[in-house]
Amino acid sequence: MTPQPSISFAKIAPSKKGSAVLLAAEKGAVSDAAKAFDPSGALKRAFSITAFSAKLASVVEVLAPEGSPLNRLVAVGVGKADTISEHDWLKLGGAVAAHFRKADDVAVVVDLPGAKASAEDAARLAAGIRLRAYTFDKYKTKKDESDGKTDDNKASKFTILCANPSAAKKAFAAMDAVVDGVILARDLVNEPANKLGPVEFAAEAKALEKLGLKVEILTEKEMTKLGMGALLGVAQGSPRGARMAVMQWNGGKAKDKPIAFVGKGVTFDTGGNSIKPAAGMEDMKGDMGGAAAVVGLMRALAGRKANANVVGIVGLVENAVDGNAQRPGDIVTSMSGQTIEVLNTDAEGRLVLADALWYCNQRFEPKFMINLATLTGAIMVALGQSHAGLFSNNDELAGRLTEAGQLTQEKVWRMPLGPEYDKLIDSKNADMKNIGGRYGGSITAAQFLQRFVKETPWAHLDIAGTAMGSPTNEISQSWASGYGVRLLDRLVQDYYEG
Ligand code: BES
Ligand code: MN
Ligand code: ZN
C-alpha cells in the first residue's frame with residue numbers, strides 16, 4: 001500500500017538537499033525569502049521560457065538548478081497573492097503533492113510576495129498534500145510501472161517552511177484529523193463489498209472507540225425488538241446480516257442536546273428482486289457512501305476533540321437477491337408504526353433511513369438531524385456530479401449547509417419539498433409506497449424520508465453523484481471522494497461549537 005506522506009513544519013531557511021517548492025504570484029513574483037532558494041535565478045529564466053502566468057496551481061520546474069545543491073526547484077502559481085481563498089490553499093497543496101513521487105524530500109516555502117501567508121494557510125496547504133496523495137491500491141500486489149522510479153515503501157517527506165511553524169503545526173493538528181476522516185470515508189467507499197459487508201463496516205465504526213467515541217452496535221435481534229421492519233426487510237435477502245452503529249461524541253456541555261448525522265449504509269445494492277442492470281452494477285459497492293461520510297465525520301470530530309455533542313448513526317445492510325429477499329408488493333411495518341408498500345426493492349435506501357431516522361429522533365431528541373445517502377440516480381440527472389441535492393424542512397439549517405458548502409467546495413443545491421410531491425407516495429394498500437411516479441424521483445425519495453422526522457429540523461443530502469465516480473480534482477484522485485466529511489465538519493465548527 002502506498003504509504004502516507006509525512007509532513008512537518010519548520011522556519012524558512014534554504015535547504016541543502018532534496019527539492020524545494022516556491023509560491024509564485026502574478027508575473028512570476030516570488031518573495032525575498034523564496035528568492036534565497038534560487039540564487040542563480042534559474043526559475044526566473046524558466047518563467048520567461050514557458051511564459052508562466054502563475055495561474056493557481058500551475059507548475060514550473062527546473063531540474064538540477066545551476067549552483068544549487070537541490071534536485072528540483074519547483075514554482076507553483078497562486079494567481080493574485082492577496083486573493084487566495086481558503087480552498088485555494090488546499091488546491092496548492094494538491095498541486096505540490098501531484099508533482100512529487102514517492103521518497104522525495106521536499107521543502108515547501110509558504111511565503112508570498114506582497115501578502116501574508118498565515119499559519120492556517122500553511123496548515124491548509126499541508127492538508128491538501130495529504131488529500132491529493134491518497135490512492136486506493138491495497139489490493140495491488142505489484143507496484144505501478146509508471147511510478148516505479150523510487151522505493152515503493154517510502155513516502156515523500158514534506159517540510160512546510162513558514163513564518164510561525166509552531167502555530168502552523170497546531171492549526172494542522174485539527175485539519176489533519178479532518179483529513180483522517182476524509183481518508184477513512186474514501187477507504188470505506190472504495191473497499192469492495194466482498195470485504196466490507198454490514199458486519200465488517202460495523203467493526204470499523206466500533207474501532208473508533210479508541211478515539212474516545214462511544215459506539216454501540218445493534219444486531220438484527222435488537223433491531224427486530226425495536227420493530228425496524230423497513231430496514232430489516234431490505235436485509236432479509238442477504239446472509240450477511242444487518243447492523244446499526246450508534247456513535248456518540250460528547251465533547252460539549254453535558255446538558256446540551258446533541259446534533260445528529262444519519263447515513264445510508266447499503267454495503268452492496270443489487271436492487272434486490274427489482275434487480276439492477278449488469279452494466280455499472282459494480283459501483284453499488286459504494287452505496288454506503290452516506291454511512292462512510294458519517295463515520296468519517298465522527299472520526300474527524302473525535303480526532304480534533306470538537307466542542308460539541310454529536311450523534312452518528314448508520315444503518316448497515318446488503319440489498320441482495322435470494323429466495324428470502326423481499327418482493328415487490330410486500331408490505332412492511334417501520335419502527336414508527338407506519339406501513340410501507342415496497343413497490344420496488346431497488347428503492348431500498350429510504351427504507352433503511354426510515355428506521356434509522358426514527359430511532360435517532362426518538363432516542364436522542366437531537367437539535368437537528370442531517371442524513372446523507374447515495375439515494376437516487378435522479379439527483380445526477382438533476383444536478384450532475386458537482387452539487388449534492390439538499391432537501392430540508394428548515395431554512396436556517398439549509399442556509400448554513402449552503403454556506404459550509406461554499407467554503408469547503410463540497411457544494412449543495414437546495415431542491416423543493418411540498419405536499420404536491422408528498423401525495424405521490426400515498427399508497428392504496430398501505431400508509432405509503434416506496435416509489436413515486438416517473439418524475440421528480442429525488443424529491444419523492446426525500447418526501448418519503450420526511451415522513452420519519454416529525455418536526456425536528458432536518459436536512460437530507462442526496463450524494464449519489466458526489467460521493468463516488470465524480471470527476472477527480474486538485475485534492476482527490478480517488479473514485480470515492482469522501483464527500484461530506486469536510487462539509488459537515490465545517491458546519492459543526494462554524495455553528496455548533498463553543
Ligand atoms: N443506490 C441507488 C441510487 C444510486 C444510483 C446511487 C446510481 C449511486 C449511483 C438507489 O438505491 C436506487 O437504486 N435508486 C433507484 C430508485 C428508484 C427505484 C425509484 C434509482 O435511482 O433508480
Ligand atoms: Mn437501490
Ligand atoms: Zn441504493
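The values are calculated or read from the model by the stated rules, or taken from the named source; none is laboratory data. Because the structure is a prediction, the values reported are computed rather than measured. Backbone-built Cβ (ideal geometry, glycine too); neighbour counts: all protein chains shown. Areas reflect the complete protein model, heavy atoms only, side chains present, ligands, DNA and RNA absent. Shrake-Rupley method; radii C 1.70, N 1.55, O 1.52, S 1.80 Å.
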TODO: Would you mind getting the Kirkwood hydrodynamic radius of the range 20-138 from its Cα pairs, rounded to one decimal in Å?
DONE: 14.3
TODO: Could you grab the relative contact order for the range 13-105? Cα pairs under 8 Å, six or more apart, rounded to a whole percent.
DONE: 35
- [ ] Please figure out what share of the DSSP beta bridges in the range 1-144 is antiparallel and state it in percent, rounded to the nearest 5.
- [x] 40
Open item on the list: Quick check for me: using +1 on Lys/Arg Cβ and -1 on Asp/Glu Cβ, what's the dipole size of the range 207-336 about its Cα centre, in debye to the nearest 20?
Closed with: 700
Task: Fully extended contour minus Cα-Cα distance, from Gln406 to Glu26, at 0.36 nm per residue - done: 134.3 nm
Task: Label-to-label distance, nm, for residues given as Lys255 and Ala203 (7 Å Cα→Cβ offset) - done: 4.3
TODO: Calculate the length of the line joining the C-alpha centroid of the range 408-467 to that of the range 233-250, in whole Å.
DONE: 22
TODO: Calculate one ³J(HN,Hα) per residue across the range 320-331 by plugging θ = phi - 60° into the Karplus curve 6.51 cos²θ - 1.76 cosθ + 1.60, and present them in order as whole Hz with x for glycine and proline.
DONE: 10, 10, 7, x, 9, 5, 6, 10, x, x, 4, 10
Open item on the list: If I take R0 = 41 Å and measure r between the Cβ atoms of Lys142 and Ala167 in this structure, what FRET efficiency does the formula 1/(1 + (r/R0)^6) give, to the nearest 0.05?
Closed with: 0.45
Task: the chain: proportion of alpha-carbon pairs further apart than 37 angstrom, % - done: 32
- [ ] Name the residues whose placed amide hydrogens come within less than 5 Å of the amide hydrogen of Leu112, ignoring near sequence neighbours (fewer than 5 apart) on the same chain.
- [x] Ala117
- [ ] Looking at the range 60-183, send over the antiparallel percent of its DSSP beta bridges, to the nearest 5.
- [x] 50
Open item on the list: Rounded to the nearest percent, how much of the accessible area of the range 446-496 (1.4 Å probe, protein heavy atoms only) is carbon and sulfur?
Closed with: 44
Open item on the list: Which residue, Pro419, Leu390, Asn429, has the largest displacement toward the positive end of the dipole of the chain when charges sit on each Cβ (Lys, Arg +1; Asp, Glu -1)?
Closed with: Leu390
Task: Flagged links, alpha-carbon separation over 18 Å, of Lys221/Lys433; Lys169/Lys253; Lys80/Lys157; Lys11/Lys80; Lys195/Lys285; Lys16/Lys116 - done: Lys221/Lys433; Lys169/Lys253; Lys80/Lys157; Lys11/Lys80; Lys16/Lys116
TODO: Output the relative contact order of the chain, whole-number percent, from Cα pairs under 8 angstrom with separation of 6+ residues.
DONE: 15
TODO: Let me know the shape class of the range 361-436, please: from the alpha-carbon gyration tensor, a ≥ b ≥ c as square roots of the eigenvalues, rounded when a/c is under 1.5, otherwise prolate if a/b is greater than b/c, or oblate.
DONE: oblate
Task: Coordinate range along principal axes, alpha carbons of the range 246-349, Å, largest first - done: 48, 34, 16
Task: Inter-centroid distance (Cα atoms) of the range 372-396 relative to the range 283-333, Å - done: 17
- [ ] For Lys305 and Thr333, compute 0.36 nm times the residue count separating them, minus their Cα-Cα distance, and round to one decimal in nm.
- [x] 6.2 nm
Task: For Trp458, residues with placed amide H under 5 Å, excluding near neighbours - done: Met369, Asn393, Asn394
Task: Theoretical FRET efficiency, 1/(1+(r/R0)^6), r = Cβ-Cβ of Arg414 and Glu497, R0 22 Å, to 0.05 - done: 0.35
Open item on the list: Between Asp283 and Lys367, what is 0.36 nm times their sequence separation minus the Cα-Cα distance? Round to one decimal in nm.
Closed with: 26.8 nm
Open item on the list: For Ala107, what residues show an amide H to amide H distance below 5 Å, using hydrogens built from the backbone and excluding near sequence neighbours?
Closed with: Ser19, Ala20, Val21, Thr159
Open item on the list: I need the phi-derived Karplus couplings for the range 425-438: 6.51 cos²θ - 1.76 cosθ + 1.60, θ = phi - 60°, integer Hz, Gly and Pro marked x.
Closed with: 9, 5, 10, 5, 9, 8, 5, 7, 10, 8, 9, x, x, 6
Task: ³J(HN,Hα) computed for each position of the range 357-372 - Karplus, 6.51 cos²θ - 1.76 cosθ + 1.60, integer Hz, glycine/proline x - done: 5, 4, 4, 4, 5, 4, 7, 10, 6, x, 4, 7, 10, 10, 10, 10
Task: Rounded to 5, percent antiparallel among DSSP beta bridges of the chain - done: 40
Open item on the list: Using only DSSP helix segments of four residues or longer, with each worth -39500 (n - 2.57), what per-residue ellipticity at 222 nm results for the chain after dividing by its residue count and rounding to 500?
Closed with: -10000 deg cm²/dmol
